[in-house]
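Structure first, commentary second.
The values are calculated or read from the model by the stated rules, or taken from the named source; none is laboratory data. In this text, all values refer to a predicted model and were calculated from it rather than measured experimentally. In this analysis, Cβ positions are derived from the backbone assuming ideal geometry, glycine residues included, and neighbour counts consider all displayed protein chains. Note: accessible area is taken over every heavy atom of the protein model, side chains too, but ligands, DNA and RNA are not part of it. Shrake-Rupley method; radii C 1.70, N 1.55, O 1.52, S 1.80 Å.
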Amino acid sequence: MKASCSLPDGELEIMQIVWQCEPPVSRSVIEETLGRQKRLAPSTILTFLTRLCDRGFLRAERRGRTNLYTPLVSRREYLAKESRRMLDRLYGGSLSAFAVSLCDSGVTKEEVEALRQMLEEDAL
């Protein structure tokens, strides 16, 4: 993964939108999609986009008067890195301690089975 930092909530919201759209994505599409969930000032969105570019998560390309944004980090890459950080930070890197917490959280048998199948498929 090129970018090496965790994202604050606001920037992560912007990245979630960029990841769900077909790249490149314009600020207006981001604003419209975000506006369905909550309102942010255009200047705040622009600040988040600038930070994401500076941190290596996005690339901005100027087309006419519009910037178009392309992710440089995939959602899967980011989630894998964040999952590892969480495992290390909260559970001292212990997968078994995480599994115990997961079971204590009320995970269903169906969810455990789905997780088992994913782990087996990924191990192949």
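Screening the range 20-51 for residues that are under 16 Å from the mean Cα position of the chain (by Cα) and open to solvent by 90 Å² or more (accessible area, probe 1.4 Å) and picking the one that is farthest from Arg65 (Cα to Cα) gives Gln20.
When we screen Arg55, Arg63 for residues that are out of contact with any helix residue (DSSP H, G or I) (no Cβ under 7 Å at 6 or more places or on another chain) and exposed (fewer than 13 other Cβ atoms within 10 Å of the Cβ), the only hit is Arg63. Among the conditions (1) in a helix (DSSP H, G or I); (2) under 30 Å from Gly56 (Cβ atoms); (3) open to solvent by less than 70 Å² (accessible area, probe 1.4 Å), Leu102 misses just one, which is (2). Using the structure shown, decide if Leu68 is among the aliphatic types (A, V, I, L, M), surrounded by 13 or more Cβ atoms within 10 Å (Cβ to Cβ) and farther than 30 Å from Val29 by Cβ. No: the conditions fail for Leu68.
Give the residue, chosen from Thr70, Thr50, that is polar (S, T, N, Q), over 14 Å from Leu12 (Cβ atoms) and either in a helix (DSSP H, G or I) or without any contact (Cβ under 8 Å) to a residue 24 or more places away in the chain (or both). The match here is Thr50.
Pairs meeting the criteria (first residue in the range 86-98 and closer than 17 Å to Ser6 by Cβ, second residue among the aromatic types (Phe, Trp, Tyr) and surrounded by 13 or more Cβ atoms within 10 Å (Cβ to Cβ), beta carbons under 9 Å, at least 6 apart or on different chains) are Met86/Phe98; Leu87/Phe98; Leu90/Phe98; Tyr91/Phe98. Note on the range 58-76: residues that are under 16 Å from Glu22 (Cα atoms) and in contact with a strand residue (DSSP E or B) (Cβ under 8 Å, 6 or more places away or on another chain) amount to 10.
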